[in-house]
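Here is the structure we will look at.
Read-outs throughout are calculated quantities, based only on the coordinates presented, and are distinct from any laboratory measurement. Here the structure is a predicted model, which is why all the values come from computation and not from measurement. Neighbour counts run over all protein chains shown; Cβ positions are idealised from the backbone, glycine included.
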Ligand code: SF4
């Protein structure tokens, strides 16, 4: 059955079958908009009684597996331009479900175009858009394939359907090329008929943000953890260029790792790990964020991921031992395919001193989930 944008009745029939875990994200909408969202996100021909927002898409529901009660991300989109990521960060959470090899998706442009046309046909209310959750959209493949550049041009064309556009990367240098800067400038400009003009004007929040991930100050520590990512200097210098061009940037000091001295008389070297994030190193990054007038800082605590397609990296096994040492008999939390320090211990030993530094510089700092939920 092919349903079209004006088939409100058909959309509302689909909506009746929506899995209750997504309902809080739909509730605030008018019946017309509920129908539009159902038409876009729910499978039209499924025989199932309960439907999820898991229809294959390039412009996808942000986090289709989360229950909106625990993770109220609401209606927002994510585009994973590529599959896999060649930066090969040791702590990458996407190892839990993504294959190692970075590659392009079949018929990406054609499928992206189809999704954007449907968003227009169904007249879906504007929502935030994120590039990307599970891959770096500007990893080396982009130099040859330019699919992210194509995507940015298309986002500018369909700008009315998106609120804040966020690009998360460890390779901002590509964005300093004139053709990317041009695409970013187009995305910064909202059309006159955009439903959120007033909201953006009254809050002075920018409708585009580049989130650049720089968790280390020292190149050798960066190359230990971000094994295939561009150098720290190149990332910082690209941030400076983006700022000179008026592009809003967020600094992600993410993930945060344990630092010396560890409790109970141990050090990271006892676990054969470098002390990669001293408080001085973190302070220098926070100072950089302040000098460059970045929007704010985002952090999360490193998770020890159980990779799906290969054994756990030895270094991550050692990080797990460090967590067990800090936990001192308390159980680590295993959630979503990864081991984590219990929240209270993570706060005391990892996040609190860092947040205090951000506060002392007058920099707003948000935990990654909080950052997402605050992005309109
Ligand atoms: S850049 Fe992001 S997606 Fe790519 S390997 Fe690193 S953490 Fe994973």
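Using alpha-carbon pairs under 8 Å, 6+ residues apart, how would you state the relative contact order of the chain in percent? The partial results should precede the final answer.
Details: 641 pairs, mean separation 52.9, N = 376.
With pairs under 8 Å counted, the relative contact order is 14 percent.
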Legend entry - Crossing angle, helix 178-188 versus the chain [Cα axis fit, 0-90 degrees, rounded to tens]: 60 degrees
Inset, instruction - Mind pulling the angle between the C-alpha long axis of helix 314-327 and the longest principal axis of the chain? Nearest 10 degrees, somewhere in 0 to 90. - result: 80 degrees
Legend entry - DSSP bridge orientation in the chain - percent antiparallel, rounded to nearest 5: 30 percent
Legend entry - D_trans [Stokes-Einstein, Kirkwood Rh over alpha-carbon pairs] for the chain, 10 °C, 1.306 mPa s, µm² s⁻¹: 72 µm²/s
Legend entry - For peptides 139-148, 126-135, sequence by mean Cβ density within 10 Å, most packed first: 126-135, 139-148
Legend entry - Inter-part distance where the range 213-249 and the range 7-76 are each reduced to a Cα centre, Å: 37 Å
Legend entry - Whether the range 1-52 is rounded, prolate or oblate, judged on the alpha carbon gyration tensor where a/c under 1.5 counts as rounded: oblate
Inset, instruction - May I ask you to sort 100, 7, 106 by Cβ crowding, counting other Cβ atoms within 10 Å and putting the fewest first? - result: 106, 100, 7
Legend entry - Peptide ranges 79-85, 342-348 listed from the most packed, as the mean C-beta count within 10 angstrom indicates: 79-85, 342-348
Inset, instruction - Return 61, 339 ranked ascending by Cβ neighbour count within 10 Å, so the fewest neighbours appear first. - result: 339, 61
Inset, instruction - Please report 90, 259 as a ranked list, fewest other C-beta atoms within 10 angstrom at the top and most at the bottom. - result: 90, 259
Inset, instruction - Pairs of Cα atoms under 8 Å, at least six residues apart: use those to get the relative contact order of the range 202-343, whole percent. - result: 23 percent
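If you average the sequence gap of Cα pairs under 8 Å that are 6 or more apart and divide by the length of the range 101-185, what percent do you get for the contact order?
Relative contact order here is 38 percent.
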Inset, instruction - Measure nothing but the geometry: give the 0 to 90° angle between the long axis through the Cα atoms of 108-121 and the longest principal axis through the Cα atoms of the chain, rounded to 10°. - result: 50 degrees
